[in-house]
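Structure first, commentary second.
The values are calculated or read from the model by the stated rules, or taken from the named source; none is laboratory data. Nothing here was measured: the structure is a model prediction, and the numbers come from that model. FYI the Cβ positions are ideal-geometry reconstructions off the backbone, even for glycines, and counts take in every protein chain you see. Heavy atoms of the whole protein, side chains included, go into the accessibility calculation; ligands, DNA and RNA do not. Shrake-Rupley method; radii C 1.70, N 1.55, O 1.52, S 1.80 Å.
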Amino acid sequence: MLRAIKGRCENCEPVVLETVLEIALTLARRGSEGKSIGALFVIGDAEAVLRRSKPLILDPLEGYPPEQKDIRNGNVQGTIKELAKMDGAFIVSGDGYVLSATRYIETIARYVDLPLGFGSRHMAAASISKETDAVAVVVSESEGIVRLFDDGELVAEFIPWVSNLELVKPRIRGEIEKIIDTTKNVTVMFRKSES
């Protein structure tokens, strides 16, 4: 899985992005009551992301000190899984602190070109990753697939274990590499780097 995300988030620690992806895969696999929960995580370039977003409701994370919002902490991960049931994005700093939850992303979508069938959560992810130096991770509630956006484009899809991978058609543009990670029961499809 690390190979798919290597170098994707210049403004965040790789362990932070990997932790967000692990949480996202958990939500995609079983979420609440055995069904996928849709979610959006924006990682890195936190100041710019916060300027381009606003709270949908009173922020449940506001007022807590940073050390109590470290995404690598198991208690914080449990809280995130519960808060994911609510609408809005999580804003995560590059060094791994969940700064805000339930955020509405206010960006201009006309500068991104997504495959047909993606909804507003995917559009918000693509747009915010285009307008800032952040990356965005989306959990598709309807498909149970986790997607990574960078610079306005879909660059990786993380598909929890399925029995017939031939049925899964990636939506990533460009040349794709596929990794099957049996230890995490996930297939990762990602755009090969241009270098």
Next item on the list: Quick one: net charge around Leu56, please, counting Lys, Arg +1 and Asp, Glu -1 for every other residue with C-beta under 12 Å from its C-beta.
Entry: -1
Note to self: If I fit a long axis through the Cα atoms of helix 120-131 and take the longest principal axis of the Cα atoms of the chain, what angle between them do I get, 0 to 90°, rounded to 10?
What the structure shows: 80
Note to self: How charged is the neighbourhood of Pro66? Take every other residue with its Cβ under 13 Å from the Cβ of Pro66, and add Lys/Arg as +1 and Asp/Glu as -1.
What the structure shows: -2
Next item on the list: Just flag the trypsin sites (Lys or Arg not before Pro) in segment 74-136 sitting in loop per DSSP whose Cβ has no more than 16 other Cβ atoms within 10 Å.
Entry: Lys85
Checklist line | Cβ-derived FRET efficiency at R0 25 Å, Asn75 paired with Arg30, nearest 0.05 | finding: 0.85
Notebook entry, point to check: Magnitude of the Cβ-charge dipole of the chain, K/R +1 and D/E -1, about the Cα centre, nearest 20 debye?
Noted result: 520
Margin query: To check you understand DSSP bridge types, tell me what percent of the beta bridges within the chain (both residues inside) are antiparallel, rounded to 5.
Written below: 90
Note to self: Between 0 and 90 degrees, rounded to the nearest ten: what's the tilt of helix 74-83 against the longest Cα principal axis of the chain?
What the structure shows: 90
Margin query: Ignoring GluC sites (Glu not before Pro) that are buried or in helix or strand per DSSP, and keeping those with at most 12 other beta carbon atoms within 10 Å, what is the longest stretch of the chain between them?
Written below: 63-174
Check: Excluding ligands, DNA and RNA, what is the solvent-accessible area per residue of segment 45-131 at a probe of 1.4 Å, expressed in Å²?
Finding: 54
Next item on the list: Could you point to the residue in Ile179, Ile108, Ser127 farthest towards the positive end of segment 101-192's charge dipole, with +1 and -1 charges on the Cβ of Lys/Arg and Asp/Glu respectively?
Entry: Ile179
Notebook entry, point to check: If the viscosity is 1.306 mPa s and the temperature 10 °C, what translational diffusion coefficient in µm²/s does Stokes-Einstein give for segment 81-184 when Rh comes from Kirkwood over Cα pairs?
Noted result: 107
Next item on the list: Let me have the 222 nm mean residue ellipticity of the chain computed from DSSP H runs of 4+ only, each contributing -39500 (n - 2.57), with the sum over all residues rounded to the nearest 500.
Entry: -7000 deg cm²/dmol
Note to self: Output wanted: per-residue J couplings in Hz (rounded whole) for segment 140-146, from phi through Karplus 6.51 cos²θ - 1.76 cosθ + 1.60, θ = phi - 60°, x for Gly and Pro.
What the structure shows: 7, 5, 6, 9, x, 10, 9
